[in-house]
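Have a look at the structure below before the remarks.
None of the figures in this text is laboratory data; all of them are computed from the coordinates on show. Just so it is clear, the structure is predicted and the values come from calculations on it, not from any experiment. Glycine also receives a Cβ, built like all others from the backbone with ideal geometry; neighbour counts cover every protein chain displayed.
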Amino acid sequence: MSELRNHAPAPAAPVRDRSESRFPGGPVADPAGSHHERRIRSFQPRRSRVTTGQGDALTRLWPRWGFEIDGKSVLDLEEIFDGLPVVLEIGFGMGEATARMGEADPGTGILAVDVHTPGQGNLLGLAERNGLSNIRVANGDAIILLREMLAPAALDGMRVYFPDPWPKKRHHKRRLIQPEFLTLAAKSLKPGGVLHCATDWEPYAEQMLEVLSAHPDFENTQEDGGYAPRPDFRPLTRFEGQGLDKGHIVHDLLFRRTTATATATTAAQGSAPLTG
Ligand SMILES: C[S@@+](CC[C@H](N)C(=O)[O-])C[C@H]1O[C@@H](n2cnc3c(N)ncnc32)[C@H](O)[C@@H]1O
């Protein structure tokens, strides 16, 4: 009998259901199952360490201020943000700059999207400590959000600050700012709404300027057709600080959504190719 006991298989380690969160009631790993879509992604899915404070914020605050990008329904931004104009920020990282912009401009709602769990907890904690009610944190791939969950012309603006530069040539296809992304972005922006990008990676800045200038749904806010001066409302971000420490030069790009609708209409009908 004792021999039998010695040879009994060890209890299996619990297998986590993909739809289950690491934090009770918090964000799940892959809400839309999009990591299995045959598509190039602009982020590297990673399992990062979450501090006790971030985990606590995710458990307590996610049910009220967070939501999953599950691709299942179109969001009613009017209701979610109590009628405020809404700006989408893609890739907020640790969220310090997002919280500062939310505090400086309480009359604008910020829909802040990232896949990075520690950052989601960090931003929720910052929003709570600063008494901010104009920030919502979305978990998942911004491409799914734009493609499936935003009504046409739902956004007043869009921010993409220091997107992953993917410096190696074979990874350039993973860069977010590409023509197909811009077509999706244009669909979700109101005419006149501004897409604001910033990067410290010179070759990516050049690519951004080229594809934005060539896209029929965007026009440069700069009369000379070049980079924009850094707007006062954009705080220094964490990645920007790291770039500046390395001597990098930062470029801002401010492009307005035109009233032309040719490509945006195609995207709204769901036929846009995807990148991300
Ligand atoms: C280089 S970091 C910059 C973070 C922050 N904006 C800053 O300047 O410190 C880029 C962030 O974008 C996020 N990201 C990249 N592609 C994304 C996508 N398709 N959907 C949501 N988040 C994305 C990454 O997870 C990462 O946190």
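Numerical summary
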item: Among MET208, MET158, MET101, residue whose mean-square fluctuation peaks in a GNM of the chain (springs only between Cα atoms under 10 Å); result: MET101
item: Net +/- balance of residues flanking LEU176 in space, Cβ distance below 14 Å, scoring K and R +1, D and E -1; result: +2
item: Check: the chain dipole with +1 on Lys, Arg Cβ and -1 on Asp, Glu Cβ, in debye; result: 1020
item: Net +/- balance of residues flanking ASN130 in space, Cβ distance below 14 Å, scoring K and R +1, D and E -1; result: -2
item: Set of lysines with alpha-carbon distance to LYS168 below 22 Å, sequence-local pairs under 8 removed; result: LYS246
item: Scaled radius of gyration (Cα, divided by 2.2 N^0.38 Å) that the chain gives; result: 1.08
item: In the range 40-80, trypsin sites (Lys or Arg not before Pro) in a DSSP loop with at most 11 other beta-carbon atoms within 10 Å; result: ARG46, ARG47, ARG49, LYS72
item: Rounded to whole Hz, the Karplus (6.51, -1.76, 1.60) HN-Hα couplings of the range 230-239, x for glycine and proline; result: 4, x, 4, 6, 8, x, 4, 9, 4, 5
item: GNM flexibility winner over the chain from GLY33, GLY193, GLY109 (Cα, springs under 10 Å); result: GLY33
item: Along the chain, longest interval not containing exposed GluC sites (Glu not before Pro), exposed being DSSP loop plus at most 13 other Cβ atoms within 10 Å; result: 21-222
item: For the range 154-163, 3J(HN,Hα) per residue [Karplus equation, 6.51 cos²θ - 1.76 cosθ + 1.60, θ = phi - 60°, Hz, x = Gly/Pro]; result: 7, 9, 8, x, 8, 10, 10, 9, 6, x
item: Residue-count net charge about CYS197 - beta-carbon cut-off 9 Å; Lys, Arg +1, Asp, Glu -1; result: 0
item: Hits among aspartates and glutamates - C-alpha to C-alpha of LYS72 under 14 Å, sequence gap 8 or more where chains match; result: ASP30, ASP141, GLU148
